[in-house]
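Following: one structure in structure tokens, then a few remarks.
The numbers here are math on the coordinates, done by the rules we state, and not lab data. Bear in mind that the values here come from a model prediction, so they are computed numbers and not experimental data. Neighbour counts are summed over all protein chains in view; Cβ atoms, including those assigned to glycine, are modelled from backbone coordinates with ideal geometry.
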């Protein structure tokens, strides 16, 4: 005798429009649902009740993803992906509907093809989102989290038409992942023609050149600092042949790299809010400068200026004790090995390094 068909263990009711998206979140503690009207509900699966319900978008919701313990993302047909922060006590067991989450970032993405965004989280608490370009949905943009900054634009723009496949082949599905045993970001994309393409995503965020032009360094959204030799006869058109080495840092997202003018010290700043100092010769870590609590975007290392004992500032001859003090401080400041860095927290930190 055949078994009877299975029955649902429970039925959740609360939407008043067609439901287009469901997603289990946070170790299956919650279920997120999104409907045609743009309403998003978060269901506590212990109580079987909605813990939050709000009008997240003006159009139908396509995708919902969790990112970190208190943050989620929603994508809709209104060409927006929104980053939401949940209230502090949201996940406390309760049968009451909580307040609407806080909107902390809005990304402009394409949704004409119903392509759902792809999310890739990192161990450091940052992440990446890939979604079609708003104006050209056959191309893909890559964004950083939590800043929402666009790292790569129009991925696929260099793809020529071939074998009957149009150059404006609409992107219909995307997945992001790390290449096995590496930190290289890969994107698997499916297109309207039925083709599937694999892209290696590398976003160079910064370049610097040594003062004698013998080598250069690049930093990127991954955790690599790459060193290039610039004294070879095979430089032009042979970029791979001039790579001397790749060094792994402990965090992804190196916003900027700088080489001190004496060629001995390298400085980097990153999305984790830290500046790091390395030996230019061996890339041995020398120091971590930890003051800022948000992403760092820029740094500079002052040129090394030395002075002999008793040397005074040549630009002027002080004629009073006050002028002498100011002149001495000016000379001492010029002889310091200063580094300056700044970023999202609106502060500039100065450091006296090696």
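Full-extension gain between residue 200 and residue 350, please, as 0.36 nm times their residue separation minus the C-alpha to C-alpha distance.
Extra length from residue 200 to residue 350 when fully extended: 50.3 nm.
Grab the Cα-Cα distance for residue 89 and residue 336, subtract it from 0.36 nm times how many residues apart they are, and report the gain in nm with one decimal.
Taking residue 89 through residue 336 to full extension adds about 84.1 nm, to one decimal.
To the nearest 0.05, how large is the calculated FRET efficiency for residue 177 and residue 214 if R₀ is 35 Å and r is the Cβ-Cβ distance?
Approximately 0.40, to the nearest 0.05.
Using a basic spin-label model with each label point 7 Å from the Cα along Cα→Cβ, how many nm lie between residue 27 and residue 97?
Simple spin-label model gives 2.8 nm for this pair.
Whole percent per 10 Å bin, from 0 to the bin with the longest distance: what is P(r) over all C-alpha pairs of region 19-201?
9, 36, 33, 16, 4, 1
Based on the mean of other Cβ atoms within 10 Å per residue, sort peptides 170-180, 50-60, 17-27, 129-139 so the most packed one is first.
Final packing ranking: 129-139, 50-60, 170-180, 17-27.
How many angstrom lie between the Cα centre of region 1-23 and the Cα centre of region 30-54?
For region 1-23 versus region 30-54, the Cα centre distance is 14 Å.
So how do 292-303, 343-354 stack up, highest first, on mean other-Cβ count within 10 Å?
Listed from highest to lowest mean packing, they are 292-303, 343-354.
Calculate the length of the line joining the C-alpha centroid of region 63-114 to that of region 270-291, in whole Å.
What the calculation gives is 34 Å, centre to centre.
Pop a pseudo-label 7 angstrom from the Cα along the beta-carbon direction at both residue 231 and residue 45 and give the gap in nm to one decimal.
6.1
Can you tell me how much longer the chain between residue 261 and residue 20 gets when fully stretched, taken as 0.36 nm per residue apart minus their C-alpha distance, in nm with one decimal?
The residue 261-residue 20 span can extend by a further 81.0 nm.
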